Structure formats: C-alpha cells, structure tokens
1. Tell me, what % of the accessible area of the chain is carbon and sulfur with a 1.4 angstrom probe?
2. Sticking to Cα atoms, compute the Rg of the chain to one decimal and its Dmax as the biggest Cα-Cα distance, whole number, in Å.
3. Find how much the distance from LYS43 to ARG102 grows on full extension, using 0.36 nm per residue of separation minus their present alpha carbon separation; answer in nm with one decimal.
4. Using label points projected 7 Å from each Cα along Cα→Cβ, tell me how many nm separate ALA58 and VAL5, to one decimal.
5. State, to one decimal in nm, how far the label point of GLU88 lies from the label point of ALA14, with both points 7 Å from Cα in the Cβ direction.
6. Accessible area per residue, 1.4 Å probe, Å², for segment 19-116: what's the number?
7. Of ALA58, TYR37, GLN13, which is farthest along the charge dipole of the chain in the positive direction, counting Lys and Arg as +1 and Asp and Glu as -1 at C-beta?
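The values are calculated or read from the model by the stated rules, or taken from the named source; none is laboratory data. Since we're looking at a predicted model, the values are computed, not measured. Virtual Cβ from ideal backbone geometry, glycine too; neighbours counted across all protein chains shown. To get the accessible areas, we keep the full protein, side chains included, count just its heavy atoms, and leave off ligands, DNA and RNA. Shrake-Rupley method; radii C 1.70, N 1.55, O 1.52, S 1.80 Å.
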Amino acid sequence: QVQLVESGGGLVQAGGSLRLSCVASGIVFRINAMGWYRQAPGKQRELVARITSGGSTAYADSVKGRFTISRDNAKNTVYLEMNSLKTEETGVYYCTTGSNLRFTDWGQGTQVTVSS
C-alpha cells in the first residue's frame, strides 16, 4: 500500500525558512508525480507546488520565487524548501502522489506555524 510520511514542519518566525520532506513507499517513485498541498485553518486545501516524474515543476503564484520543490528518486523523497515564510502560510502541509498529475494518495500532513 502507498505510504507517504512527511516531516520537517514546525514553528518559525515570519521571514524564516523550513524544509519539508516526504518519504514515499509502496509506489514506483520515479514514475510518479509528487506534490505539496497546504490547508490553512478554515480554508480549503490548495496546491503549493508539484513536480513531475521528469522534474518539471509548477508553483502557486503566491510562493513563486520563495519555495522550491525537488525530488531524490534514489531516496524516494520529495522536498519543499520554503523561504521568506509569511504568517498566512500557516497550515498543515500534505504530501501527495499520483500519475499524470492526478493526485490520489496523501500523507497525514505536517504542521507549519509561522509566527509574527
């Protein structure tokens, strides 16, 4: 079965940085697209960044230039480097995977809290 385990969340001051990691198992990692979504309190889950099996990336407009998604196929791991964090980016960050950018499996999420 598919398992996605996120880590790296925590409390950070506005303007700070965090690096999230997600280790996947139960899939052929190298052929799957991977993504990070965020759910802020009282809001719907939204796409933050995604990366295809070929390494093409896409970002939400609000994070372009500050966040970087990357993958290490040898480690079955996807990363999200987050810089210049804002208070409104507080929320639970979820790792997701799927084929052809149709995300079907989700991790449990990791909490990111950005304080002012």
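1. 44
2. Taking only Cα atoms of the chain, I get Rg and Dmax of 13.2, 40 Å.
3. Result for the pair: 19.1 nm of gain on full extension.
4. Roughly 3.1 nm, to one decimal.
5. Those two pseudo-labels are separated by 1.1 nm.
6. 50
7. About the Cα centre, the residue reaching furthest to the positive side is ALA58.
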